[in-house]
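Values in this text are rule-based calculations from the coordinates and carry no lab data. All figures in this text were calculated on a predicted structure; none of them were measured in a lab. Cβ atoms come from the backbone with ideal geometry, glycine included; neighbour counts cover every protein chain shown.
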């Protein structure tokens with residue numbers, strides 16, 4: 001059984017999810033909608049999003065099961081019928097447990113990729129990001145190096161997003177530009193796979209990935225399976241699926257100059273950028289809305305938990321008290337500034353609490369109301385500085 005939908009392996013670094021869990025989840029959703037009387041025939045087009053970086057490895061011959069799906073069976077029980085070798089969808093995957101974004105087991109593959117590309121900055125300049133352990137190219141490299149026979153049996157590699165699109169399309173769906181730029185494999189300027197990156201990860205990789213497409217591409221009509229089983233119109237179009245972060249930018253309807261901030265356990269910054277400058281911190285992705293522009297993604301690990309800790313220490317655990325204390329101090333905090341990293345930060349790589357007074361001298365503590373403003377201003381100053389490093393321009 002999974003915990004929270006994932007398996008954390010004994011090394012505490014490898015994290016996977018069962019592919020069939022996702023398939024069965026889709027079965028359950030559609031069956032519940034059908035039972036509730038939802039009119040699928042009114043759906044004119046269908047698209048979606050999937051967690052970024054995760055990958056699905058299709059075994060040779062799997063496309064025939066997708067194309068010949070029997071509407072009498074749920075997706076997770078599909079068999080190839082009739083008069084052909086019987087094979088369930090469960091046998092379609094050369095890797096039954098998919099690597100996902102939480103995985104951090106590919107440090108050696110990351111270093112090898114950066115070395116092959118002439119350094120971390122050059123890799124970022126090509127693909128939008130330096131090598132990250134969760135990124136798909138490095139996960140593929142690990143599977144190829146540790147299980148070459150498994151890789152040899154694989155005819156297609158999907159992202160989670162294009163995997164879900166494939167289920168609806170009834171054939172292998174292409175990877176879209178935006179989700180594809182979170183793999184350390186796509187040249188973000190040319191919108192094509194980087195031969196140097198592919199060669200550094202595994203042989204024959206381009207044919208296993210297929211050609212990437214714009215994120216708004218209409219891929220084709222829905223599979224007859226869904227028309228027969230659920231009553232979808234045969235004319236219902238499948239539009240390319242993308243990653244969850246690009247979908248957030250699209251769903252928030254961001255435009256050039258806009259910023260969206262997700263204030264969670266980790267803080268995430270979404271930016272629409274016209275002329276990006278890839279750096280060692282943060283990510284540049286192809287824009288899912290306008291494939292001629294870009295989006296930037298910045299993640300800050302010390303988010304809400306850090307704010308809650310200062311709230312508890314300085315405002316008796318009350319957000320109202322914290323707000324009052326914040327209002328009692330002036331913008332700029334009289335030159336007092338703090339950087340607060342209870343856990344190792346991602347952007348930048350740093351840890352610890354660092355306070356500086358108006359004379360730029362390091363100090364051990366602030367008064368409570370100064371501490372609160374130092375935290376809030378420090379966090380948002382960091383977001384602005386790192387956004388500007390990636391090419392974001394603050395409108396005057």
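Numbers for the structure displayed
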quantity	calculated
Using alpha-carbon coordinates, inclination of helix 136-146 to the longest axis of the chain, degrees	60
Centroid-to-centroid separation of the range 202-218 and the range 294-366 [C-alpha atoms, Å]	43
Largest to smallest principal axis extent of the C-alpha atoms in the range 1-62, angstrom	48, 28, 22
Segment residue 342-residue 122, extension gain: residue separation times 0.36 nm, minus the distance between their alpha carbons	76.1 nm
Rg/Rg_ref, the range 205-249, where Rg_ref = 2.2 N^0.38 Å and atoms are Cα	1.45
Contour minus Cα-Cα distance for residue 385 and residue 152 (0.36 nm per residue)	79.4 nm
Over the chain: helical MRE at 222 nm, DSSP H runs n ≥ 4 each giving -39500 (n - 2.57), nearest 500	-10000 deg cm²/dmol
Rg to Rh quotient for the range 143-201, alpha carbon positions, Kirkwood Rh	1.00
Normalised contact order of the range 1-148, rounded percent, pairs of Cα under 8 Å and 6 or more residues apart	25
Residue order, fewest to most beta carbons within 10 Å, for 96, 36	36, 96
Two-decimal log10 I(q)/I(0) for the chain, as the Debye equation yields it once each C-alpha is a single scatterer, q = 0.11 Å⁻¹	-0.86
C-alpha long axis of helix 160-169 to longest principal axis of the chain, angle in °	30
Ascending count of other beta-carbon atoms within 10 Å, so fewest first, for 30, 263, 185	263, 30, 185
Sorted by Cβ neighbour density within 10 Å, fewest at the top, the residues 311, 365, 111	365, 111, 311
With eigenvalues of the C-alpha gyration tensor scaled by 5 and rooted, the range 304-385, Å	19, 16, 12
With Cα atoms, 0 to 90° folded angle of helix 19-35 axis to the chain main axis	80
Three semi-axes of the equivalent ellipsoid, the range 251-396, Cα gyration tensor, whole Å, largest first	30, 16, 14
D_trans [Stokes-Einstein, Kirkwood Rh over alpha-carbon pairs] for the range 7-242, 37 °C, 0.692 mPa s, µm² s⁻¹	179
Taking the chain and dividing mean pair separation by its residue count, relative contact order in percent (alpha carbons under 8 Å, at least six apart)	15
Cα-based radius of gyration of the range 190-307 once divided by 2.2 N^0.38 Å, which approximates compact folds	1.34
